[in-house]
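Chemist: Sharing a structure, written as structure tokens. Questions coming.
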Amino acid sequence: MTEQKFDIIIVGGGPGGYVAAIRAAQLGMKTALVEANHLGGICLNWGCIPTKALLRSSEVHHLFKHADQFGFKVSGLEFDFKKIIERSRGVAKQLSGGVQHLLKKNKVTVIDGYGKLAGKGKLAVEKDGKAVASLSAPHIILATGARARTLPGLEPDGKLIWTYKEAMTPEAMPKSLLVVGSGAIGIEFASFYHNMGADVTVVEVMDRVMPVEDEEISAFARKAFEKQGLKIKTGAKVTRLEKGKDNVTAHIEMGGKVEKVTVDRVILAVGIVGNSENIGLEQSKVKVDRGHIVTNEWLQTDEPGVYAIGDVTGPPWLAHKASHEGVICVEKIKGLNDVHPLDKSNIPGCTYCMPQVASVGLTEKAAKEKGYEVKVGRFPFLGNGKAIALGEPEGLVKTVFDAKTGELLGAHMIGAEVTEMIQGFGIAKTLETTEAELMHTVFPHPTLSEMMHESVLDAYGRAIHF
């Protein structure tokens with residue numbers, strides 16, 4: 001087989017890989033992208049995008065159920081669950097096609113197959129067990145992503161016990177669900193199915209839901225979820241899943257006691273693990289720590305000419321982190337002078353449940369543990385005219401500042417559209433903004449973003465509307 005030579009090869013076409021490939025091509029590098037399944041990766045095909053389409057449908061359903069609050073009468077409300085799933089898959093397909101177009105437009109060579117390191121600067125590509133290409137390049141970027149983590153005794157079977165994939169494409173709407181794990185993935189599915197009418201129970205091994213979030217936001221979220229009717233069990237562990245003909249009985253251990261809960265289906269959302277196996281790392285100097293490839297700040301591994309980006313390198317497991325790393329990695333390889341390492345404390349995180357949750361930077365607790373003396377500001381949605389007009393008065397914006405310098409250390413929000421608002425604080429952190437610049441920034445009225453301003457003012461005892 002004739003060896004094809006490139007300047008750079010990217011293994012994996014997810015949000016890290018395809019962005020890296022496009023940026024490399026923009027910089028004049030002869031680029032190959034190897035993808036074994038779908039362009040756009042898990043995020044576009046089975047994660048971020050199709051779940052948002054599902055959640056949008058559940059939001060519409062929720063609004064119809066509460067139409068009387070807005071002066072409408074709705075009777076005989078029904079939904080076609082099959083069409084809801086079809087719309088979600090259609091959105092994913094449309095965007096995957098868009099990625100294909102972008103790669104073609106930028107003259108990236110896309111190779112359909114499974115890539116594996118095959119010696120210094122070499123990559124072997126297979127499809128269905130047969131060799132389809134032999135590639136070489138001085139630079140190879142591994143962007144192989146991650147997959148759902150499984151726990152012993154709680155293995156998914158695709159029918160009664162689901163991973164995110166089955167949860168996105170069910171044949172029918174279950175009447176009851178148990179969600180194991182209350183991180184972003186678990187809570188989003190819990191929110192979707194609950195808003196569609198299922199009886200949902202969430203089990204979390206930690207002492208609070210959404211444990212990576214600020215404690216105050218986490219407590220607010222739990223209260224909001226339980227008010228809606230979600231059942232939350234924290235400090236709890238599923239020790240056994242007993243499968244019936246068309247249901248599952250979960251054995252849940254809490255405080256030394258075991259409770260049995262029988263549901264139609266179980267969704268496992270207990271984290272993810274990097275796809276670092278079977279890609280040829282064994283014959284290289286690349287180090288792997290707990291399933292994730294170890295890199296330096298420039299995404300270089302210990303093997304010269306081999307780099308890694310995105311979920312396969314570890315947390316935070318976010319598409320926008322992967323994309324940013326792809327750009328940094330490629331620009332450093334090209335030798336650009338204005339490249340900066342990624343500051344992970346400036347990466348926003350978003351959860352698209354109801355109410356939405358978004359954050360960036362340090363939590364109040366983490367800031368104090370790092371030795372900061374902090375000033376904390378809060379502003380409730382109830383004090384905002386736009387939130388009340390939208391019929392979304394439940395929420396909170398919280399800001400954390402360094403009391404000595406005024407530096408914005410973190411921002412944490414829960415409520416309507418906070419996933420769109422958080423980028424304002426993301427920009428502020430990137431610019432190393434202090435409370436003074438934020439106070440002098442004019443926020444438009446009437447908007448939800450005014451609460452961001454008020455939260456900053458509150459940290460310094462200057463809030464106007466609360």
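Coordinate-derived values only; no laboratory data. In this text the structure is predicted, and so the values were computed from the model without any measurement. A quick note on method: Cβ atoms are made from the backbone with ideal geometry, for glycine too, and the neighbour counts reach across all protein chains shown.
Chemist: Set the bar at 23 Å for Cα to Cα. Now go through 223/368; 104/127; 73/231 and name every pair that lies beyond it.
Modeler: Flagged as over cut-off: 223/368; 73/231.
Chemist: Expressed in nm to one decimal, what extension gain is obtained for the pair residue 339 and residue 403 from 0.36 nm per residue of sequence separation less their Cα-Cα distance?
Modeler: Answer, rounded to one decimal: 19.9 nm.
Chemist: Okay, next question. Can you work out the Karplus-derived ³J(HN,Hα) for every residue in region 153-167? Use 6.51 cos²θ - 1.76 cosθ + 1.60 with θ = phi - 60°, whole Hz, and x for glycine or proline.
Modeler: The phi angles translate into x, 10, 5, x, 10, x, 10, 9, 10, 9, 9, 4, 5, 5, 5 Hz.
Chemist: For region 75-124, run through the trypsin sites (Lys or Arg not before Pro) and keep only the ones in DSSP coil with at most 16 other Cβ atoms within 10 Å of their Cβ.
Modeler: Values: sites: 82, 83, 87, 89, 93, 104, 105, 107, 116, 120, 122; in loops: 107, 120.
Answer in residue order: 107, 120.
Chemist: Then there is this: On a straight-distance basis, which aspartates and glutamates could pair with residue 260 in a cross-link, Cα separation under 13 angstrom, same-chain partners fewer than 8 positions away excluded?
Modeler: 242
Chemist: Exposure proxy check: 48, 353 ranked by fewest other beta carbons within 10 Å?
Modeler: If I rank by nearby Cβ atoms, fewest first, I get 48, 353.
Chemist: Let me ask something else. Note down the net charge around residue 258, summing +1 for each Lys or Arg and -1 for each Asp or Glu among other residues with Cβ under 13 Å from its Cβ.
Modeler: Summing Lys and Arg as +1 and Asp and Glu as -1 gives +2.
Chemist: May I pose another question? Under 20 Å Cα-Cα from residue 120, which aspartates and glutamates qualify once same-chain neighbours fewer than 8 residues away are excluded?
Modeler: 3, 7, 277, 282, 302, 303
Chemist: Also, I was wondering about something else. Could you tell me which GluC sites (Glu not before Pro) in region 361-466 are loop residues by DSSP with no more than 14 other beta carbons within 10 angstrom of their beta carbon?
Modeler: Listed in order of number, the matching sites are 373, 432.
Chemist: Once phi is turned into θ = phi - 60°, what whole-Hz ³J(HN,Hα) does the Karplus curve with 6.51, -1.76 and 1.60 give for every residue of region 187-202, x standing for Gly and Pro?
Modeler: 5, 5, 5, 4, 5, 4, 5, 5, 5, 8, x, 7, 8, 10, 10, 10
Chemist: Excluding residues on the same chain fewer than 8 positions from residue 82, give the lysines whose Cα lies under 25 Å from its Cα.
Modeler: Excluding near neighbours in sequence, the set is 52, 65, 93, 159, 165, 175, 245.
Chemist: Which label marks the calculated value of Kirkwood radius over Cα pairs in Å, given the options (1) 23.1; (2) 26.2; (3) 23.9?
Modeler: (3)
Chemist: Moving on to the next point. Determine by what factor the alpha-carbon radius of gyration of region 161-270 differs from 2.2 N^0.38 Å, reporting the quotient. Display every interim value, and only then the final one.
Modeler: On the way: Rg = 13.1 Å, N = 110, 2.2 N^0.38 = 13.1 Å.
Normalised Cα radius of gyration, region 161-270: 1.00.
Chemist: OK, next. Which net charge results for the neighbourhood of residue 220, defined as the other residues with beta-carbon distances under 10 angstrom from its beta-carbon, given Lys and Arg at +1 and Asp and Glu at -1?
Modeler: -2
Chemist: Let me ask something else. Please give me the summed charge of the neighbours of residue 100: other residues whose Cβ is under 15 Å from its Cβ, Lys and Arg +1, Asp and Glu -1.
Modeler: My count for the surroundings of residue 100 gives +2.
Chemist: Please report 161, 427 as a ranked list, fewest other C-beta atoms within 10 angstrom at the top and most at the bottom.
Modeler: Exposure proxy ranking, most exposed first: 427, 161.
Chemist: Ok, one more. Between the DSSP loop rule and a limit of at most 10 other Cβ atoms within 10 Å, which trypsin sites (Lys or Arg not before Pro) in region 391-435 are left? It would help to have the intermediate numbers written out before the result.
Modeler: Working: sites: 398, 404, 429; in loops: 404.
Within region 391-435, the qualifying trypsin sites (Lys or Arg not before Pro) (loop, at most 10 other Cβ atoms within 10 Å) are 404.
Chemist: Moving on. Treat the count of other C-beta atoms within 10 Å as a stand-in for reagent exposure and order 39, 33, 27 from fewest to most.
Modeler: Values: 39 23, 33 28, 27 16.
Arranged by neighbour count, lowest to highest, 39, 33, 27 become 27, 39, 33.
Chemist: Got the relative contact order for region 243-369 handy, in percent, Cα pairs under 8 Å and 6 or more residues apart?
Modeler: Value for region 243-369: 12 percent.
Chemist: Moving on. Relative contact order for the chain using alpha-carbon pairs under 8 Å, separation at least 6, rounded to a whole percent?
Modeler: Once divided by the residue count of the chain, the mean separation gives 14 percent.
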